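Below is one structure; the comments refer to it alone.
No value in this document is a laboratory result; all are computed from the given coordinates. For clarity, every value in this text was computed on a predicted model and none was experimentally measured. Positions of Cβ are backbone-derived with ideal geometry, glycine not excepted, and every protein chain shown enters the neighbour counts.
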Amino acid sequence: MDEGPEFTVEAALNAHVARVEEPRPPDGKWHPSSLYGCSRKAVYELRGVPVSNPPDDRARRVFRVGHMFHDFAQDAVERAIGSLVAKAYREIPIAIPSLSVIGHADGLVQYRTGEWELLEYKSISTMGLKYAKELPKPDHLGQVQTYMLALREDGAPRIDIPPLGDALTRARVAYIGKEDMAISEHIVPWTPEGDQAVRDTVAGVEAYRDTEPALPPRLEPDKGKRNWLCGYCSFATRCWDQDEDNREAL
C-alpha cells in the first residue's frame, strides 16, 4: 500500500511559508524597500516582469524568519508605552502621491515631549553585523529617508496620522543579530538633503517608466565580476542573459 510521501519538518515549514506569504502584485508604484538596491530591479518590479530566478525554499524560510523578528520588535515597542513613549505604531502605511511612492514603515513612536521618531528593524546574521563596512547600509538609509519625507509631508491618513512636519526629526535603524540577538542602533537625522536625495532617486527610475524596453544600467561590477547583490536577485538571468546592459543614460 502506497502511504504517500514521508512527513518531514522541512516540508511542513515550506508549506507553512507558502500559506502565509503575501505576494505583492505590480501596482505601478515605487516601493522604498526596492528603490535603493538596484534601479534596474526596481523597474522590472514596476513593470511586472516575471521573475527568472525565484527564491528557493531555504531563501523563503529565511525571509519569513525576518518577518518574525519584525513582529518580535514591534510587539516589544508597543509595550514600551510609559514615561518616555506616549504612542507607538507598527506597519505604518506611507505614500508620497507626487512621487508615486507607497510602502509600509516598520514603526513610529511619539515621545512624551511631542517629538516623533521613525523606527526601522533589520534582521541580520551575526557575521554580517560584525563585518559590516557601513551602518546604516546605504539602501536602508534611503528607505528611512523616504519614510520620513512621506510622514513629514503627507502623514499616514489611513491610520489618522496627520503630516508630522518638524515634529518628526529622526529615524532609528535597529539591526538585530539573528544568531545571538546582538543589537546595533543608528540614528538618522532628518535633513533637507535627505529629502532631495529621495526625489533624485525617484526621478532617476521614473525616466524609465514609459520607455520599455529601455532599462537602467546593471549594478557596477565588483572586482571585475558581477556585483555580489546579483547573486540574490530574482531577475538575474533575465538581466544578464536576455536584456542589454543599457549603459547609455536616457
- For residue 137, counting only lysines whose alpha-carbon sits under 21 Å away and dropping same-chain residues fewer than eight positions off, the answer is 41, 122, 178, 223
- Query: Using only helices, what value at 222 nm comes out for the chain when you add -39,500 (n - 2.57) per DSSP H run of length 4 or more and divide by the total residues, to the nearest 500 deg cm²/dmol?
  - Reply: -10500 deg cm²/dmol
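Of all DSSP beta bridges located in the chain, what percent are antiparallel, nearest 5?
Counting DSSP beta bridges with both partners in the chain, the antiparallel share is about 70 percent.
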- Query: What's the longest piece of the chain with no exposed GluC sites (Glu not before Pro), counting a site as exposed if DSSP puts it in a loop and it has at most 15 other beta carbons within 10 Å?
  - Reply: 22-114
- Message: What value in Å³ per residue do you get for the convex hull of the alpha-carbon atoms in region 205-244?
- Response: 82
- Task: Kindly identify region 106-250 as rounded, prolate or oblate by the Cα gyration tensor criterion: order the square roots of the eigenvalues as a ≥ b ≥ c, call it rounded if a/c is under 1.5, otherwise compare a/b with b/c, prolate if a/b is larger, else oblate.
- Result: oblate
- How large is Rg over Rh for region 1-73, taking Rg from the Cα atoms and Rh as the Kirkwood inverse mean of 1/r across Cα pairs? 1.09
- Would you please classify the overall shape of the chain from the alpha carbon gyration tensor, given that a ≥ b ≥ c denote the square roots of the eigenvalues, rounded means a/c under 1.5, and beyond that prolate means a/b larger than b/c while oblate covers the rest? oblate
